[in-house]
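A short write-up of the structure that comes next.
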There are 2 protein chains.
Amino acid sequence: MPKESASKPVKPALRSRKSPQGSPTVQDVARLAKVSVGSVSRVLNGRENVASAIQEAVRAAMAELNFVPNVVARSMRKGSSSAIGCLISDITQHTAAQMVSAAEERLRARGFEILIANSHYDLERERAILSSLKQRRIDGFIGAISDDETPSYFNFLHTLNMPVVLWERDAQGEFNSVLTDHADGCRQAVRYLASLGHRAIALVAGHENTWVGREMVRGYQAACEVAGIAPDPALVLRTSAFDKDVCRALLTGRGRPTAIIATLNDVAIVLEVVRETGLSIPADLSVISIGEHEYSGIASPALTVVTQSPRDVGREAADMMLQLIDGSAPSGIRRSKHPMRMIVRESCGAPPGLARRKKR
Amino acid sequence: MPKESASKPVKPALRSRKSPQGSPTVQDVARLAKVSVGSVSRVLNGRENVASAIQEAVRAAMAELNFVPNVVARSMRKGSSSAIGCLISDITQHTAAQMVSAAEERLRARGFEILIANSHYDLERERAILSSLKQRRIDGFIGAISDDETPSYFNFLHTLNMPVVLWERDAQGEFNSVLTDHADGCRQAVRYLASLGHRAIALVAGHENTWVGREMVRGYQAACEVAGIAPDPALVLRTSAFDKDVCRALLTGRGRPTAIIATLNDVAIVLEVVRETGLSIPADLSVISIGEHEYSGIASPALTVVTQSPRDVGREAADMMLQLIDGSAPSGIRRSKHPMRMIVRESCGAPPGLARRKKR
């Protein structure tokens, strides 16, 4: 141990650069490095395309200040608790709940609790939630933001000065992300339906401004093109504007589809309307569910699905977060993509017209 | 507006009894009233069976200190956010997710966010979560504790000094609570199965030490007695010890039941095992689901259920919380009980033996 006197020459110099409260903060690092707090956050989150001069300045300032990220400092204190904030769109969505549950298992094993909040795709609310979680001293943030297209929103995330891992959102190289290959999922679904003879295939895609929504449409359009199906904009819907009335109009109106692809919650709406209108699956309508839960296989008829692995996504996001927190993350932003897999059951068949023609 | 000078005579007197930080706290109230902080919490939570001398002392101290509950003070400050902590056992349980979702709608309309945490029926973890939420300055706590039988646990909740509302747990007169009549739910299920001729009726009940678990067993036993069915302890299982292996052993072993009653998640296990073992519903086994989701009615066969109203429970719990927070709650602890209702679909029939006898 160095003697009191030995450490004295260093301490005053440090103290002058520290916040009055004690330990050096991200703000102190930014001040000393003469960069923005956003830049410090980018370095902390492992972003590579930060100018190397800035990276060096930040690392030098951290070293000089003996800067310890909040979370590590806190977990070193006895009796304190650590928590990761988790933002999802809606707790009642089975797939998101599975991701959270798997991430939680992983984080809990390392002493972190998860605090979950719902955004309901409300951007203003989401900002308020994230600021509130930050004020409540969470140590990192995992989840799905409502808009992964707007650069200013990423800047907002950076101002939170926390490790961030996004799932099912395109982090645009700003943060680590874990994704599911929804474009390929929809490609598989369309390819299968086209092979059965369908030409009028409806899609209920995820939300606008999100990876899931964009990729579902992209995969759908690409597969339609390959199959020589001309795109009909009236057949591409969004979950945000899909309810029983919209579904009824779609399935009973002119130019109605012979097949429909939709995510878990929207498939439930489709099945309810099919039952009410007396349509028959797959005789009148083929249905493919993107995502599944334990009841998908025992529905009547058993549903053909394109499954994802929400638990794998949740686990990997948690592992990325833990590495960012304990400093063991490999350098550079990581982006991981999980495959989707089709399980054929009983909810798809030839389209009604084709079936009739074949009978003749 | 009173002039500066007019308010001056009061301020010094107040200041001397306040915490050094500023506004008076629950601790300050307890000190001045010469009672425990738990007693202050009991008065704040509207508990009636607090000795009237203590009630008076607490109210007098609150008035003298001009005590404002944390949450109201905070929401009066500009830009600050308010949050209610919500403890559930498992985010992947559909019924709990519905309760949270409905409570959230209500609380959000009044400017409160909900922060959700999962206990997984782990009592130590739950205490850590609640302490952590308290440290993170939440303004109240709604949810389901893992043990509603142990008095010391209620004392722990009181030491948190927050408004508390429990759902689906017996608050033993200590806090407001919103319940579902699970005893009557199981009574209806057993009565219906007995009317079809079943004598060997299995039950997968909720967790021990909780209202749901106790009440399910109580209603089941009462209805068996009325139907003249001798209780078989081997047929009463708990969700905590129910998985595919246990279910397979139950459904294929000696003394196997001809009918089974289980909650949503456990019914999914039953249906999977039924499918694997080649049993037929309802020919070999009648099934009743306690609780339902959008797929229950479209399962094959469509499931007979006893439904609850999780959204009503969530909404009422949120309303109780808001009244505790804004001081508009009627005096006294409230305990509300919601009914259950049976929906007969296709998953129940006569027991196999009886069906065979009838055919002869």
| note | Calc'd 3J(HN,Hα), the stretch B:203-217, phi into Karplus 6.51 cos²θ - 1.76 cosθ + 1.60 (θ = phi - 60°), Hz, glycine/Pro = x, comes to 10, 9, 8, x, 5, 4, 6, 10, 3, 4, x, 4, 5, 4, 5
| Between copies, how far does the label point of A:GLY332 sit from its twins, in nm, shortest first, when each point is 7 Å from Cα along Cα→Cβ? | 6.9
| query | In nm, one decimal, shortest first: how far is the label point of A:ARG275 (7 Å from Cα along Cα to beta carbon) from the matching points in the other copies? | reply | 1.7
| request: Taking every pair of Cα atoms in the stretch B:97-232, average 1/r, invert it to obtain the Kirkwood radius, and report Rg/Rh to two decimals. | output: 1.07
| request: Report, in debye and to the nearest 20, how large the dipole of chain B comes out about its Cα centre when Lys and Arg carry +1 and Asp and Glu carry -1 on their Cβ. | output: 600
| task | May I have the pair-distance distribution P(r) for chain B, computed from all Cα-Cα distances with 10 Å bins from 0 and rounded to whole percent? | result | 5, 22, 27, 19, 13, 8, 4, 2, 0, 0
| task | Evaluate peptide B:132-143: per residue, the Cβ atoms of other protein chains within 10 Å of its Cβ; return the mean as an integer. | result | 3
| Using θ = phi - 60° and the Karplus form 6.51 cos²θ - 1.76 cosθ + 1.60, what ³J(HN,Hα) does each residue of the stretch A:235-240 get, whole Hz, x for Gly and Pro? | 9, 9, 10, 10, 4, 5
| For B:82-90, mean number of other protein chain Cβ atoms within 10 Å | 2
| Listed residue (A:GLY349, A:GLY111, A:THR95) projecting farthest to the positive dipole end of chain A, Cβ model | A:GLY111
| Per residue of B:199-210, how many C-beta atoms from partner chains lie within 10 Å of its own C-beta, taken as a mean? | 0
| request: Using a 10 angstrom cutoff on alpha carbons, build the Gaussian network for chain A and name the most mobile of A:ALA268, A:ALA317, A:ALA96. | output: A:ALA268
| message | Using just the Cα positions, wrap the protein assembly as shown in a convex hull and report its mean projected area in square nanometres, one decimal place. | response | 41.4
| request: Using the charge dipole of chain B (Lys, Arg: +1 at Cβ; Asp, Glu: -1 at Cβ; taken about the Cα centre), state which of B:TYR121, B:GLY197, B:SER132 has its Cα farthest towards the positive end. | output: B:SER132
| query | Hey, got a sec? Which trypsin sites (Lys or Arg not before Pro) in the stretch A:84-131 land in a DSSP loop and have at most 16 other Cβ atoms within 10 Å? | reply | A:ARG110
| note | Filtered hits (aspartates and glutamates, Cα-Cα < 15 Å from B:LYS337, offset >= 8 within chain) -> B:GLU168, B:ASP170, B:ASP181, B:ASP184, B:GLU215, B:ASP312, B:GLU316, B:ASP319
| Between the DSSP loop rule and a limit of at most 16 other Cβ atoms within 10 Å, which GluC sites (Glu not before Pro) in the stretch B:281-360 are left? | B:GLU294, B:GLU346
| remark: Share (percent) of C-alpha pair distances in the stretch A:196-265 greater than 14 Å works out to 58
| query | Amide H neighbours of B:VAL236 under 5 Å, counting only residues 5+ apart in sequence or on other chains, H built in-plane at 1.01 Å? | reply | B:LEU203
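We did not get these values from a lab; they are worked out from the coordinates using the rules stated. Quick caveat, the model's predicted, so the values are computed rather than measured. Ideal geometry is used to build each Cβ from the backbone, glycine not excepted, and the neighbour counts take in all protein chains shown.
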